[in-house]
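Asks: Handing you this structure, nothing more for now.
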Amino acid sequence: MSLSRYPGVGLLGPFCRGHEIVCQFGYRHLLCKPVDKPHDPLLNTPNMTLWVSATFGEQFLVNRHSWKNSPELLNLIYCYLHNDTYAAIQQSESEMISTIAIALEQRSLLVIPLDSE
């Protein structure tokens, strides 16, 4: 993955401000909490289709690009969501996807497209 131009994106621990995820079509997205959303006037609006149902969020996460994303990306997002470095240790991948998808539906996490389509 390439480095983000936004400060704190992709970091670990309390300095983390979100993570980049590549969808199945190869487009980059910023996944962050609303309080960590960068103050960039040229940043796209969040993807509102993931707010409709947790099923859409699950499909987005399950169908992420297989080799452009880090293998531990779900662990990093889950730990970022819970503000805990070791939160994902006892969770299976399906449980993490379900929890992250519910957070997307509840707007606790935003998915912002970074690439123009």
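The values are calculated or read from the model by the stated rules, or taken from the named source; none is laboratory data. A quick note: this is a predicted structure, and the numbers were derived from the prediction, not measured. Here the Cβ positions follow ideal geometry from the backbone for every residue, glycine too, while neighbour counts run over all protein chains shown. When the accessible area is computed, the model is the full protein with side chains, heavy atoms only, and any ligands, DNA or RNA have been set aside. Shrake-Rupley method; radii C 1.70, N 1.55, O 1.52, S 1.80 Å.
Asks: Just to be sure I understand, how many residues within region 32-49 are under 10 Å from Arg17 (Cα atoms) and surrounded by 14 or more Cβ atoms within 10 Å (Cβ to Cβ)?
Replies: Final tally of qualifying residues: 5.
Asks: Can I ask one more? Name every residue in region 70-117 that is touching an Asp or Glu at 6+ places or on another chain (Cβ under 8 Å) and either exposed (fewer than 13 other Cβ atoms within 10 Å of the Cβ) or not aliphatic (A, V, I, L, M) (or both), in order of residue number.
Replies: Passing the criteria: only Ser98.
Asks: Restricting to region 85-116, give me the number of residues that are under 15 Å from Ile21 (Cβ atoms) and modelled with pLDDT under 90.
Replies: Selection size over region 85-116: 1.
Asks: Quickly run through region 36-58 and pick out the residues that are polar (S, T, N, Q) and either under 20 Å from Gly10 (Cα atoms) or out of contact with any Asp or Glu (no Cβ under 8 Å at 6 or more places or on another chain) (or both).
Replies: Hits for region 36-58 are Asn44, Thr45, Asn47, Thr49, Thr55.
Asks: Which of the numbered conditions does Arg5 fail, given that it passes all the others? Conditions: (1) open to solvent by 80 Å² or more (accessible area, probe 1.4 Å); (2) on the phi > 0 side of the Ramachandran plot.
Replies: (2)
Asks: Here is a follow-up. Among the candidates Ser108, Ser66, single out the residue that is among the small types (Gly, Ala, Ser) and more than 27 Å from Pro14 (Cβ to Cβ).
Replies: Ser66
Asks: Within region 13-31, can you find the residues that are surrounded by 11 or more Cβ atoms within 10 Å (Cβ to Cβ) and not in a loop (DSSP other than H, G, I, E, B)?
Replies: His19, Glu20, Ile21, Val22, Arg28, His29, Leu30, Leu31 - these are the residues of region 13-31 that are surrounded by 11 or more Cβ atoms within 10 Å (Cβ to Cβ) and not in a loop (DSSP other than H, G, I, E, B).
Asks: Only one of (1) surrounded by 15 or more Cβ atoms within 10 Å (Cβ to Cβ); (2) in contact (Cβ under 8 Å) with a residue 24 or more places away in the chain; (3) in a helix (DSSP H, G or I) is not met by Thr55, so which one is it?
Replies: (1)
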